[in-house]
Amino acid sequence: MIPITNKEYNLFKKYIHSHYGIYLKDEKKALVMGRLQRILVEKGFKDFTEYYNYIISDKSGEASKILINKITTNHTFFMREVEHFYFFKNQVLPYLLNVVKDKDLRIWSAGCSSGEEPYTLSMIIDEFLGKEKIWWDTKILATDISSQVLGEAIKGVYSSDEIASLPYSWKLNYFEKIDDENFVIKNKIKNEVIFRKFNLMESIFPFKRNFHVIFCRNVMIYFDFKTRKELIDKFYNALEYGGYLFIGHSESINKYETSFKYVMPSVYRKV
């Protein structure tokens, strides 16, 4: 195994933080070294300095794309932090049906990983609206920094174990069986989610209209305090008044440093 020196690790730490907002702690050094070994071997680099120089000199962006795919942890599953989905169905959707007069429902799943979160939201909306759905624009924007997991999300293929926690009616109405072990999301749901690669570190979000709901769960745990605060401010500016922000249960927003109103654990509102 090709070792990574402290100097080399600090170069990668600084690069990843400045470009993607991810703060790598010192104890992640061995993990990073292991995840990047295959690239060094395949490219014939003698050490991590050569690899780093290759990344910063690559004008195509392909090298940095591969790097972030290797570094990021994309762990999610259907109905993760299920209380959020109950609140979304029982509180948020009834509210939005009353206030969104143009029937254009704008929801963003930021850090969507392999797609379970936005697909779940789309299934909830489909079930909630029923026959009324034809009158609504309910497409969900789902973004992630990793092109690798976005590819998996777009395919929409999940194992029987991965969808085990879902209601039977959802499995029946929203999934098609591929073989004994795998299922694919039906087009009626798949076509409702727009997947895009997006870096949350963009200084200005390029969206023409504000969102009614933003889900960004278990993403900010990888950021330092300054980066988290800046992102929360950008989320606030990207929401309609009365809109909701959902974050992970292990995350929180300091009420003295934000304009968001606390609603319940890991749920905030723009007022």
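Here the simple spin-label model places points 7 Å from the Cα toward Cβ, and for ARG209 and LYS188 these points are separated by 2.5 nm. Among TYR174, GLN148, ASN210, pick out the residue whose Cα is farthest towards the positive end of the charge dipole of the chain, where Lys and Arg carry +1 and Asp and Glu carry -1 on C-beta, about the Cα centre. Value: ASN210. Our summary of shape: the Cα atoms of the stretch 6-71 have principal axis extents of 26, 21, 20 Å, ordered from largest down, in whole angstrom. Helix content alone sets the calculated 222 nm mean residue ellipticity of the chain: runs of n ≥ 4 DSSP H residues at -39500 (n - 2.57) each, divided across all residues, give -12000 deg cm²/dmol.
Remark: the stretch 87-93, residue by residue, has Karplus-estimated 3J(HN,Hα) of 5, 4, 6, 8, 10, 6, 4 Hz, where x stands for each Gly or Pro and the curve is 6.51 cos²θ - 1.76 cosθ + 1.60 at θ = phi - 60°.
Close amide-amide hydrogen proximity is noted between LEU239 and PHE211, each under 5 Å apart and 5 or more residues distant or on a separate chain (H modeled in the peptide plane; Pro and chain starts excluded).
Rounded to the nearest 20 debye, the dipole size of the stretch 196-262 about its Cα centre is 180 debye, using +1 on the Cβ of Lys and Arg and -1 on the Cβ of Asp and Glu. Beta bridges per DSSP, both residues in the chain: antiparallel share near 45 percent. In terms of its C-alpha gyration tensor, the stretch 39-94 has a prolate overall shape, because the principal axis ratio a/c (a ≥ b ≥ c, square roots of the eigenvalues) is not below 1.5 and a/b outweighs b/c. Sequentially through the stretch 22-31, phi angles give Karplus couplings (6.51, -1.76, 1.60; θ = phi - 60°) of 7, 9, 8, 6, 4, 6, 8, 4, 5, 5 Hz, Gly and Pro residues having no value and appearing as x. In order along the stretch 230-245, the Karplus-derived 3J(HN,Hα) couplings, from 6.51 cos²θ - 1.76 cosθ + 1.60 at θ = phi - 60°, round to 5, 5, 4, 5, 5, 4, 4, 5, 8, 9, 5, 5, x, x, 10, 10 Hz, and Gly and Pro are given as x. Between the stretch 233-262 and the stretch 75-133, the alpha-carbon centres lie 17 Å apart. Counting only alpha carbon atoms, the long axis of helix 62-71 and the longest principal axis of the chain meet at about 80°. Using alpha carbons only, how many degrees (0 to 90, rounded to 10) separate the axis of helix 6-20 from the longest principal axis of the chain? Computed tilt is about 30 degrees.
Every read-out reported here was derived from the displayed coordinates using simple, explicitly stated rules and does not represent laboratory data. This structure is a prediction, so every number in the text was calculated from the model and none was measured. Every residue, glycine among them, receives a Cβ derived from its backbone with ideal geometry; neighbour counts consider all protein chains shown.
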